Amino acid sequence: MAVEITPASPLPDWLSGFAPEAVVWTDGTRDWRAGELLAEARAVRAALAPRLANRTVALAVRPAPLLARWLVCLDGLAGAVLPVPADWPASAWSEPFATAGIEVLVAARPPATSLPVDYLPADWSAAGTNKSDRSDSLTSSGAPVRCGTRLIIPTSGTTGAPKLVSHTRATLTRTIKACSDGVGRCWGLLYELGRFAGLQVFFQALASRATLIFTDHLPELEARLELLAAQACDALSATPTQWRKILMSPAGRRLPLRQITLGGEIADDLVLTALARAFPGARLTHIYASTEAGVGFSVKDGRAGFPASYLTEPPGGVELKVDATGRLWLRPPVREQAWVGGGSVADAAGWIDSGDLVERRGERFYFLGRANGVINVGGDKVFPEEVERVILELPEIALARVTGRRSPITGALVEAVVVPRDPAGVTTGSVALARRVREHCAARLPRFKVPAVVQVVSELGLEGTGKLARRERTP
C-alpha cells in the first residue's frame with residue numbers, strides 16, 4: 001500500500017509509494033528500482049543503527065547515486081547529515097566538521113588528517129544482513145528509530161565564505177507537491193546533489209513518483225544533455241546561466257521539456273523569452289529560494305521579477321517586505337532552519353533577510369543583485385548582474401560574467417569575461433569583440449559601470465550550485 005508523503009515521513013517510506021519495479025533513479029547505464037532500494041535501506045538501517053542512530057554524519061560520497069542511497073538509508077536514523085560539497089578539499093574539513101559537530105564520516109577512504117570522527121567506507125555493504133527483512137531500523141536496544149533527521153547544507157559562498165544552515169525536512173519540502181497532470185515524470189539533475197538546489201530536485205522527483213536522471217558521471221554538459229534527451233527528460237531545473245548554455249546546445253534543444261524551472265540567479269526577460277520560444281509547450285517557473293531561507297516563492301507568468309501584489313497577497317503563505325534600502329525580506333510559515341553553531345536564520349519577528357536588493361518599477365519588483373556583491377567603483381555602486389544583462393543584449397555574446405578587480409586608485413574596476421556565440425571569435429576577433437562590448441556598455445550605462453577590462457574566452461566554468469562565481473580578484 002502506498003505511503004502518503006508528508007514532511008515527517010522518512011525517505012524509505014517515500015520509496016514504498018513506488019511500484020517495486022519502478023525506476024527511481026538512472027544514470028543511463030544502470031537503473032535503481034524501488035524494491036531493491038527499499039530492501040537495501042531497511043537492511044542498512046538495521047545493521048548500522050547501533051553505530052549511526054541520532055549521530056551527526058558527514059557524507060563525502062560520490063557519485064550522486066551512491067550519495068542518494070546514503071541519504072535514503074540515514075533519513076530518520078541519523079540525527080543530522082552534512083553532504084560534503086565536491087569542491088571542499090579534505091584538508092579544509094576540520095573547521096566545518098567541528099562547527100557541525102560531525103561524529104561519523106562516510107567517505108571513499110579514511111581522512112588523511114586526524115579528525116576526531118568515526119570512519120565508515122562509502123561503499124559499505126549490508127552483505128550478510130537479510131535484505132528481505134521488512135522491519136524498520138533498530139537501535140542496540142531493539143527499539144525502532146524514528147528521528148527527524150536534519151540536513152546541514154552549506155551556503156553557496158559565491159561572494160564570501162560559505163556558512164552552514166541546518167534544515168528540517170519541513171523547511172526543505174514545504175512547497176514540494178506531486179505532479180498530478182503527467183508533467184515531470186522524468187526529472188534531470190544538473191545540480192550537485194548535496195547542494196540546496198540539488199536536494200530540491202531530488203525531493204521533487206521522489207514526491208512525484210518520477211524517475212530522476214543522474215548526470216554527474218559525465219564531465220561535459222553536452223554529454224549530460226545527450227543523456228537527458230535519450231532518457232526523455234521532460235522536467236529540468238537549472239540556473240539562468242546553465243539555461244543559456246542549454247539553449248546553445250544541439251542536445252539541449254532536443255529535450256522534450258514540459259517543465260522548466262529557473263533558480264539560483266536572476267532570471268531576466270532575455271533568457272525567459274528565449275526559453276519560451278525554444279520550448280513552447282513547457283511550463284516556465286522561476287523559483288526564488290536560498291539555502292538560508294529555503295524555498296520562498298515562485299513566479300509563473302514568464303516575466304522577470306515578481307508582481308508588487310506579492311507584498312499584500314503572500315505567495316504560498318510566504319510574506320514579503322522591502323525595507324527602505326531596497327532589501328527583500330521573507331517570512332515563510334515554516335521557519336525551523338538555523339545557523340549551525342548558533343542563531344536563528346530569522347529575526348525575532350520571524351523575518352529572514354534574503355540579502356537581495358530589489359527595485360519597484362510600476363506594478364512589479366525587479367532584482368538588482370546581492371547586497372554583498374556590489375562593486376564599489378570610486379564610491380559608486382555597480383551591480384554585476386545589471387552590466388551582464390546589458391552585455392547579453394549583444395547577439396554575438398552567449399555568456400557574460402562581471403566581477404570587481406581591485407584598483408589602488410578607485411577601489412575596484414569593473415571587469416567582464418564574455419563567451420562569444422561563435423567559437424571562432426575567441427581567436428580571430430577577440431580584440432574587436434571586446435571593443436564592441438565596451439562600446440555597447442558605454443552607450444547604455446554610466447561611465448563608472450562600463451567594464452574597464454573585457455576578456456574573451458571559450459568557456460565559463462560554474463560552481464556546483466550552477467552559479468557563476470563572483471570573487472573580486474587582485475591584478
task = Filter segment 98-110 down to residues that are open to solvent by less than 60 Å² (accessible area, probe 1.4 Å) and either in contact with a Ser or Thr (Cβ under 7 Å, 6 or more places away or on another chain) or over 16 Å from L82 (Cα atoms) (or both), then give me how many there are.
result = 3
ask   = Restricting the search to segment 10-29, which residues are assigned to a loop (DSSP other than H, G, I, E, B) and either aliphatic (A, V, I, L, M) or in contact (Cβ under 8 Å) with a residue 12 or more places away in the chain (or both)?
value = P10, S16, G17, F18, A19, P20, E21, A22, D27, G28
inquiry  = Restricting to segment 9-34, name every residue that is within 18 Å of W70 (Cα to Cα) and modelled with pLDDT under 95.
reply    = S9, P10, L11, P12, D13, W14, L15, S16
ask   = Taking segment 86-103 as the region of interest, how many residues are modelled with pLDDT of 95 or more and either in contact with a helix residue (DSSP H, G or I) (Cβ under 6 Å, 6 or more places away or on another chain) or within 15 Å of R195 (Cα to Cα) (or both)?
value = 0
ask   = G355: free of Cβ contacts under 8 Å to residues at least 24 places away in the same chain and either among the basic types (K, R) or at positive phi (or both), yes or no?
value = no
note = Turns out the strands (runs of 3 or more DSSP E) fully within segment 31-115 with at least 2 residues that are among the hydrophobic types (A, V, I, L, M, F, W, C) and farther than 24 Å from A210 by Cα are 56-60, 80-83, 104-107
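So in segment 324-342, with the set limited to residues that are farther than 17 Å from G296 by Cα and either among the hydroxyl-bearing types (S, T, Y) or open to solvent by 50 Å² or more (accessible area, probe 1.4 Å) (or both), which one is farthest from the chain's Cα centre (by Cα)?
Initial filter on segment 324-342 (farther than 17 Å from G296 by Cα): 324-326, 339-342.
Narrowing further to those that are either among the hydroxyl-bearing types (S, T, Y) or open to solvent by 50 Å² or more (accessible area, probe 1.4 Å) (or both): 324-325, 339, 341-342.
Working: A324: 30, T325: 27, W339: 18, G341: 23, G342: 24 Å.
Among those residues, the one meeting the criterion is A324.
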request  = Could you check, for segment 395-409, whether at least one of its residues is charged (D, E, K, R) and within 22 Å of the chain's Cα centre (by Cα)?
outcome  = yes
request  = Need at least 1 residues that are open to solvent by 60 Å² or more (accessible area, probe 1.4 Å), over 30 Å from P307 (Cβ atoms) and at pLDDT below 95 per element, so show me which helices (runs of 4 or more DSSP H) inside segment 347-463 make the cut, counting only ones lying wholly within it.
outcome  = 425-428, 430-444
query = Of all residues in segment 220-254, which are small (G, A, S) and part of a loop (DSSP other than H, G, I, E, B)?
reply = A232, S249
key: In segment 196-219, the residues that are in a loop (DSSP other than H, G, I, E, B), of a type outside the set (A, V, I, L, M) and in contact with an Asp or Glu (Cβ under 9 Å, 6 or more places away or on another chain)   = T215, D216, H217
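The values are calculated or read from the model by the stated rules, or taken from the named source; none is laboratory data. It should be emphasised that the depicted structure is a prediction, and the values quoted were computed from it without experimental measurement. Cβ coordinates were reconstructed from backbone atoms using ideal geometry, including for glycine residues, and neighbour counts include every protein chain displayed. With ligands, DNA and RNA removed, areas are computed over all heavy atoms of the protein, side chains included. Shrake-Rupley method; radii C 1.70, N 1.55, O 1.52, S 1.80 Å.
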